[in-house]
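The structure under discussion appears below in the form of structure tokens.
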Amino acid sequence: MGVQIGKDGELVLTLDDDFNLKKGFAVTFKREELPKFLEDFKDDKFNTYNFIGFFTYKGGFIEPHVDNDLYLYIKDKINPKFLISLPETIVYYVDVCENMVGGNLIVDNKEYTPITNSAMLLEKNKVHAVTEVKSFDRTRTVLVCEKYNIISKYRDTLDTPIYRYG
């Protein structure tokens, strides 16, 4: 992902393609750094927020997984001894085509059809997946918020915001 400053001083993120027909980015903020438009995600139990934004195209899917994007990034790129637990996650459906076929969230063997401006809360360590998008009239836009509570000894070492691939 590229991060640039636009001609009017705004932040411009260049999205990256992945192997399963999505484009995305990730950005991590400490609670006190959250931009005003993301403050609705704040929760007193958490002090660090990792946002993954992505667009899903026809044929796009997400295999069964547990949300751990920031966890893996920190362990791989920053410090393998960094103490961090798995996050609680909110999946916010920014824009979902009402004619979309597929792209459903699967949690505990139940299938949920997303709709625009709705959200799903996933507890820590919850395995989930997204079915293949078969068709739609417009690209689906989703914002995932991984919420972490990191002890200050480790959190203070994070140089945030962190912008990267989603």
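Only Lys, Arg, Asp and Glu count, each charged at its Cβ (+1, +1, -1, -1), so figure out the dipole size of the chain about its Cα centre, rounded to 20 debye. Could the numbers behind the result be given before it?
Details: 22 positive and 26 negative charges, 64 e Å.
Magnitude of the dipole: close to 300 debye.
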Practice problem: Kindly provide the helix-only [θ] at 222 nm of the chain, computed as the sum of -39,500 (n - 2.57) over DSSP H runs of four or more divided by all residues, to the nearest 500 deg cm²/dmol? | Solution: -1000 deg cm²/dmol
Quiz item: Expressed in nm to one decimal, what extension gain is obtained for the pair Lys36 and Val66 from 0.36 nm per residue of sequence separation less their Cα-Cα distance?
Solution: 8.0 nm
Quiz item: Along the range 26-35, what does the Karplus equation 6.51 cos²θ - 1.76 cosθ + 1.60 (θ = phi - 60°) give for ³J(HN,Hα), rounded to whole Hz, x for Gly and Pro?
Solution: 9, 9, 10, 10, 6, 3, 6, 9, 4, x
Self-check item: Pairwise centroid distance, computed over Cα atoms, of the range 64-102 with the range 42-62, Å
Solution: 6 Å
Quiz prompt | Candidate values [x] 16.0, 48; [y] 16.6, 61; [z] 15.7, 54, label of the one derived for Rg and Dmax of the Cα atoms in Å | solution = [x]
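Distance check, please: which entries in Lys42/Lys147; Lys36/Lys147; Lys58/Lys124; Lys23/Lys77 exceed 19 angstrom between their Cα atoms? Mind showing how you got there, number by number?
On the way: Lys42/Lys147 9 Å; Lys36/Lys147 17 Å; Lys58/Lys124 29 Å; Lys23/Lys77 22 Å.
Flagged as over cut-off: Lys58/Lys124; Lys23/Lys77.
For each of Cys97, Cys145, count neighbouring Cβ atoms within 10 Å of the residue's Cβ, then give the residues from fewest to most.
Values: Cys97 16, Cys145 24.
With the sparsest Cβ surroundings first, the list reads Cys97, Cys145.
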Self-check item: Bins of 10 Å from zero: percent of alpha-carbon pairs in the range 93-166
Solution: 15, 38, 28, 15, 3
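Ranking Thr116, Thr48, Thr56 by Cβ neighbours within 10 Å, fewest first, what do you get?
Details: Thr116 12, Thr48 22, Thr56 25.
The order, fewest Cβ neighbours first, is Thr116, Thr48, Thr56.
Excluding Thr160 itself, calculate the net charge of residues whose Cβ lies under 11 Å from the Cβ of Thr160, where each Lys or Arg counts +1 and each Asp or Glu counts -1. Don't jump to the answer; show the numbers that get you there.
Working: positive: Lys30, Arg31, Arg155; negative: Glu32, Glu33, Asp156, Asp159.
Value of the local net charge: -1.
Quick note: the coordinates plus some simple rules give every number you see, no bench work behind them. Computed from a predicted model, the values in this text were never measured in an experiment. Neighbour counts run over all protein chains shown; Cβ positions are idealised from the backbone, glycine included.
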